[in-house]
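Structure record follows, encoded as structure tokens.
What follows is calculated from the coordinates using simple rules that are stated; it is not laboratory data. The structure displayed is predicted, hence computed values, not measured ones. Here the Cβ is made from the backbone with ideal geometry for all residues, glycine too, and neighbour counts use every protein chain on show.
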Amino acid sequence: EDQVTQSPEALRLQEGESSSLNCSYTVSGLRGLFWYRQDPGKGPEFLFTLYSAGEEKEKERLKATLTKKESFLHITAPKPEDSATYLCAVQPFSGNTPLVFGKGTRLSVIA
Amino acid sequence: EPEVTQTPSHQVTQMGQEVILRCVPISNHLYFYWYRQILGQKVEFLVSFYNNEISEKSEIFDDQFSVERPDGSNFTLKIRSTKLEDSAMYFCASSADNEQFFGPGTRLTVL
């Protein structure tokens, strides 16, 4: 069974304090690993797709990396507006299959 | 920037009533999905739709659920006889290739 585990469940950072969120996965065959941001009461907002081990993608203060077993979302010098829940999801290797989500990491950045 | 839209934003219904949740996917996308998120839990896949038919569905998507693309723009999810446990956020998503873009969600409350 395809599974995604995210850690920590919650993370509280001071503004400017860099950190990383972890997403470990087991999947029959990985087509893609996705990171989304979700604000309270809103839909997931697409951030990145990673397809192969060693791949990295960046967007502003966020950088996502991928290995064969896990992905990291690095947040550099976060700001209060980065506070949100960050969701990781995998897409098994077969067509446009549905995403399997983790529970997310709830990030709070304090000014 | 094109986005997925959903209506209504909030639906309150009595147990046993039928509800229809509506979505307008991004116009050039061909793959459509419904997911749901019970409060405090993971985003869970319900059903995927391609070429005017269901391509995949989860165990949650039982005979009480149906989907339809009644015209060239709308994509609907119908729950025939709602139960208390159907209370959740329902998200529509669409994709052209791999990346799935989510709508803002409909909060369904079953009383």
Query raised in the report: Which three lengths, in whole Å and largest first, does chain B cover when its Cα atoms are put on their principal axes?
Result: 37, 27, 25
**Report entry** Cα→Cβ-extended label distance, 7 Å offset, between residue B:84 and residue B:27, nm
**Finding:** 4.6 nm
Query raised in the report: Considering the alpha-carbon set of chain A alone, what are its Rg and its Dmax in angstrom?
Result: 13.4, 44
Query raised in the report: Over what distance in Å are the Cα centres of region A:78-111 and region B:1-34 separated?
Result: 21 Å
Query raised in the report: Over chain B, what is the relative contact order in whole percent, taking alpha-carbon pairs under 8 Å and six or more residues apart?
Result: 38 percent
Report summary line: With R₀ set to 41 angstrom, the calculated FRET efficiency between the beta-carbons of residue B:68 and residue A:24, to the nearest 0.05, is 0.60
Report summary line: Cα-based Rg/(2.2 N^0.38 Å) for the protein assembly as shown, rounded to two decimals, is 1.02
**Report entry** Cα-projected label distance for residue A:55 with residue B:55, points at 7 Å along beta-carbon direction, nm
**Finding:** 1.8 nm
Report summary line: Expressed in nanometres to one decimal, the distance between label points 7 Å along Cα→Cβ at residue B:5 and residue A:17 is 4.2 nm
Requested in this report: Quick one: compute the contact order of region A:25-109, relative version, from alpha carbon pairs under 8 angstrom and 6+ residues apart, as a percent.
Outcome: 31 percent
